[in-house]
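The values are calculated or read from the model by the stated rules, or taken from the named source; none is laboratory data. It should be emphasised that the depicted structure is a prediction, and the values quoted were computed from it without experimental measurement. Every residue, glycine among them, receives a Cβ derived from its backbone with ideal geometry; neighbour counts consider all protein chains shown. Side chains included, ligands, DNA and RNA excluded: accessible areas come from the protein's heavy atoms. Shrake-Rupley method; radii C 1.70, N 1.55, O 1.52, S 1.80 Å.
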Amino acid sequence: MGAKLLCLCLLPALLAYYIYTPLPAELAEPCTVMLFSAAFRAVGHLAEALDMLGLMHYMEGMRLITVFETVPVMSDENVTVTDTTFSNVPVHLYLPRRAPAGLRRAMVYFHGGGWCLGDAGMKIYDHMSRRISNELDAVVVSVNYRLAPEHRFPIPFEDAFSVTKFFLQSRVLSQYGVDPARVCVAGDSAGGNLAAAVAQQLLEDPEVKAKLKAQVLLYPALQALDLDLPSYRDNDNKPLLPRALMVRFWSEYFTSDPSLREAMASNRHVPAESAHLFQFVNWSHLLPEEMRKAHVYRVPSHGSAALARRFPGLLDPRASPLLVSDARLSRLPLTYILTCEHDVLRDDGVMYARRLRAAGVSVTHDHAPDAFHGALMFLSWPLDLAVGHRLFHRYVQWLDENL
Ligand SMILES: *[C@@H]1O[C@H](CO)[C@@H](O)[C@H](O)[C@H]1NC(C)=O
Ligand SMILES: *[C@@H]1O[C@H](CO)[C@@H](O)[C@H](O)[C@H]1NC(C)=O
């Protein structure tokens, strides 16, 4: 009897402890966010346990989240959706059904998920692609690039690049009735990383004749060099992307060898001979003062040259688009960047916006002071938040005016 009573009191207390995450006062809809965050953490713990038991890789465990979220490919009254391949990479293609008023605009979209998770067929990505196709009368190509850890850098990037290059051929654009002057790349989180890298690398490819009209980067990851930016310090344990998970995503993009993950976790993974690259991510002058807050800049400690030689992707701009020179940045198209205050990736986006503007690129930078990483994922029941709708509405409005 005593034991039962104890359980009865202890269980809710334990559950409350598990669910409780200290959240900043200015975060929108904190209770709902806390519940989502607890569910997400629970999957993370389960994945860690399965990995430790040797039953599956941590990332396979994490994919349980996305598997349940996947919906079948289905057309509706407004949009025809097909599952096809471009340049041997699977894509979901969204074509508006209404008769075209002229040539259409188009978006090539890369989903998020730390290069390890996610699918164009997840309910939320399907929802966004469908709405953009319908509301903007646009062709949307949502790309199922191959994922790490099975397919590491540069494969996810190469898939993203080859789909975009394939789509930009004039015969393909005309087959889908697309205006070659109105095509953008877009993506969220790791997908924003791929979109930024694709936009840069297209400029280096003489075979690509059509130019992108815009790049759209939604809370993108843009550099793996310095993982001790103020945004990493401020948001070490915020929903849905704690620092430890971002470090895991970055390291898994290159290897499952824990030595890289450990070096990244302590921010000692860039060797002395590459220290000049820190100029591209030096937040002591690339962040505005109000975002530096009281943080003091520390030059990151140097890591082992052997480690960097084993995983050259670490210093490759196709993985870290912030690492290119201003001269190369200056050729990039019109840019939309969304950053969220409560996000380890906040400063990546802020610094890219700053560097692009300084290089003469026209940039719209929206910063959401009450949002967290992944806020755009909350657009339909039961994952429904006003902050998600607000950010999505603003992003679609920008596309409508600029694409
Ligand atoms: C089709 O488009 C109309 C007008 O934009 C919208 O009201 C309706 O909900 C759409 N249907 C679906 C299934 O999304
Ligand atoms: C970063 O910028 C500051 C000036 O804001 C400079 O003093 C420092 O040497 C720079 N560090 C690196 C590693 O580029």
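Observations on the structure shown:
- A single member of Leu93, Leu136, Leu117, Leu103 is closer than 22 Å to Ala319 by Cβ and in contact (Cβ under 8 Å) with a residue 40 or more places away in the chain, and it is Leu117.
- Spans of helices (runs of 4 or more DSSP H) in the stretch 238-332 with at least 3 residues open to solvent by 50 Å² or more (accessible area, probe 1.4 Å): 258-265, 289-292, 305-310, 326-329
- Residues in the stretch 259-303 that are free of Cβ contacts under 8 Å to residues at least 24 places away in the same chain, away from ligand 2 (no atom under 15 Å from the Cβ) and either farther than 18 Å from Asn235 by Cα or acidic (Asp, Glu) (or both): Arg261, Glu262, Glu290.
- Failed criterion for Met122 (all others in (1) within 22 Å of Val198 (Cα to Cα); (2) open to solvent by less than 50 Å² (accessible area, probe 1.4 Å) hold): (1)
- Screening the stretch 166-182 for residues that are in contact with a Phe, Trp or Tyr (Cβ under 9 Å, 6 or more places away or on another chain) and assigned to a helix (DSSP H, G or I) and picking the one that is surrounded by the most Cβ atoms within 10 Å (Cβ to Cβ) gives Phe167.
- Lone unmet requirement of (1) touching a strand residue (DSSP E or B) at 6+ places or on another chain (Cβ under 9 Å); (2) over 24 Å from Met377 (Cα atoms) for Ala138: (2)
- Residue satisfying condition, being charged (D, E, K, R), away from ligand 1 (no atom under 16 Å from the Cβ), touching a helix residue (DSSP H, G or I) at 6+ places or on another chain (Cβ under 9 Å) and over 28 Å from Ala39 (Cα atoms), within set Arg328, Arg357, Arg298: Arg328
- Being open to solvent by less than 10 Å² (accessible area, probe 1.4 Å), among the polar types (S, T, N, Q) and touching a residue at least 40 places away in the same chain (Cβ under 8 Å) is a condition met by at least one residue of the stretch 211-220.
- So Pro149, is it away from ligand 1 (no atom under 16 Å from the Cβ), in a loop (DSSP other than H, G, I, E, B) and either crowded, with 24+ Cβ neighbours inside 10 Å or at pLDDT 95 or above (or both): yes
- Residue match in the stretch 352-369 (condition: open to solvent by less than 10 Å² (accessible area, probe 1.4 Å) and in contact (Cβ under 8 Å) with a residue 40 or more places away in the chain): yes
- When the helices (runs of 4 or more DSSP H) confined to the stretch 1-74 are screened for residues that are at pLDDT 90 or above, those reaching at least 1 such residues are found at 30-52, 58-62.
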